[in-house]
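Just below is one structure, and these are the notes that go with it.
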Amino acid sequence: MKLIFAGIQGSGKGTQAQIISQKLGICHISTGDLFRNASGDLKKEIDSYMNSGKLVPDELTLRILKERLSKEDCSKGFILDGYPRNKSQVHDLKKITSIDKAVYIKISDSEAIKRMKGRWNCKKCSVAYNYATMPRPKVLGVCDKCGENLTQRKDDVSDEAINKRLETFHSEIDAILFAYNVVEVDGEQTIDEVTRDILLELKQ
C-alpha cells in the first residue's frame, strides 16, 4: 500500500504515520528525516539551502525521494509524511510512483495553534513532547529519556510565523485533495482513536 499522510502543522500526521507504518509493516518516509540523514556531497548540498534559511528545491527533494523509494524495504509499500505539499510536488511525485490513498488528518486552526505552541523537542535524542496533547515530559522542560533541556522551534511560538504556515497550508491542501483518493479522519480525537479511524478507512 502506497500512502500519503496530509494535515496541517500539529495535526499529528507524523505520529500517525509512525504508528500506521508499524502496524502495516511498511516504510515511514519523512522528507525532514531524509534531509537530516543524508550524507556526503548530498548532505552538503542540502545544508547549503537549509543553513541559509532557504527551502530545499523540489528537484533535489524528488531526487532524494526517488532514491529512497528504490530501496528494498519500500517494496511492500510506504507512507509519505508531509510530501507532497503543493501542486508542483504532486506533479513531480507522479513521475516516480503511484499513490493508493491520501489520509487527511483534519483539525481546526485553533487546535493547530494550540498544538504548535505546545510542542517541545530534545535536540540530543530527538524525542518530541507536546503539552497540548501527549506525551508530556514528567519534569517541565526536561527530556524524560536523557535529561537534556527541551527547546521549541521559533516558528512554533511566533504568531506571525504560525499564521503564515496556516495560510500556506490552506492555499495548498486542495492540490492533495483533488489529486488523490482521499480518506478524511478527525484529528482532534485521542491518538488511539485517530489510529483506529485511519485503519478502518484503509480497510474500506
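Only the coordinates and a few stated rules stand behind these numbers; no lab work does. Remember, predicted model here, so these are calculated numbers, not experimental data. Cβ placement follows ideal geometry from the backbone for every residue including glycine, while neighbour counts extend to all protein chains displayed.
Just to confirm a number: summing +1 for Lys and Arg and -1 for Asp and Glu over residues other than MET116 whose beta-carbon lies under 9 angstrom from that of MET116, what do you get?
Details: positive: LYS114, ARG115, LYS117, ARG119, ARG153, ARG165; negative: ASP155, ASP156.
Every neighbour counted, the sum reads +4.
Grab the eigenvalues of the alpha-carbon gyration tensor for region 2-203, scale each by 5, take roots, and send me the semi-axes largest first in whole angstrom. If you can, show how the numbers build up before the last one.
On the way: eigenvalues 125, 95, 66 Å².
So the equivalent ellipsoid measures 25, 22, 18 Å along its semi-axes.
Distance between the C-alpha centers of region 70-110 and region 5-35? Whole Å please.
Here the two parts' Cα centres lie 10 Å apart.
Which of PHE78, PHE5 has the fewest other C-beta atoms within 10 Å, and how do the rest follow up to the most? Let's see the in-between values first.
Values: PHE78 24, PHE5 27.
Neighbour counts put them in this order, fewest first: PHE78, PHE5.
Which residue fluctuates most in the GNM of the chain (Cα springs below 10 Å): ARG119, ARG136, ARG63?
ARG63
Add -39500 (n - 2.57) for each DSSP H run of 4 or more in the chain, then divide by its residues: what number comes out at 222 nm, to the nearest 500 deg cm²/dmol?
Values: 8 runs with 93 residues, N = 204.
Roughly -14000 deg cm²/dmol at 222 nm, from the helical runs in the chain.
Run a plain Debye calculation on region 45-133 (Cα atoms as equal point scatterers, no solvent) and give log10 I(q)/I(0) at q = 0.25 Å⁻¹, rounded to two decimals, same order as the q list.
Taking Cα atoms of region 45-133 as identical point scatterers yields -1.17.
Using only alpha carbon pairs under 8 Å that are at least six residues apart, calculate the relative contact order of the chain and give it in whole percent. Intermediate results must be reported in sequence, preceding the final value.
Numbers: 278 pairs, mean separation 59.4, N = 204.
Normalised by residue count, the contact order of the chain is 29 percent.
Anyone know which of SER21, SER158, SER52 comes out most mobile in the 10 Å Cα GNM of the chain?
SER52
If you split all Cα-Cα distances of region 25-71 into 5 Å bins from zero, what percentages do you get per bin, shortest first?
5, 19, 34, 25, 10, 5, 2, 0
Can you list which of the trypsin sites (Lys or Arg not before Pro) found in region 149-204 are DSSP loop residues with at most 16 other C-beta atoms within 10 Å? Display every interim value, and only then the final one.
Numbers: sites: ARG153, LYS154, LYS164, ARG165, ARG196, LYS203; in loops: ARG153.
For trypsin sites (Lys or Arg not before Pro) across region 149-204 that sit outside H, G, I, E and B with at most 16 neighbouring Cβ atoms in 10 Å, the list reads ARG153.
Using only C-alpha positions, report the orientation-averaged shadow area of the convex hull of region 49-101, nm², one decimal. Kindly include the intermediate steps, with their values, before the conclusion.
Values: hull surface 17.0 nm².
Average of the hull's projected areas for region 49-101 equals 4.2 nm².
Is region 137-204 best put as rounded, prolate or oblate by its Cα gyration tensor, with a ≥ b ≥ c the root eigenvalues, rounded for a/c under 1.5, and otherwise prolate when a/b is larger than b/c, oblate when not?
Values: a/c = 3.44, a/b = 1.36, b/c = 2.52.
Oblate.
Pick out which of LEU150, LEU140, LEU24 has the largest mean-square fluctuation in a Gaussian network model of the chain, springs linking Cα atoms closer than 10 Å.
Fluctuation is largest for LEU140.
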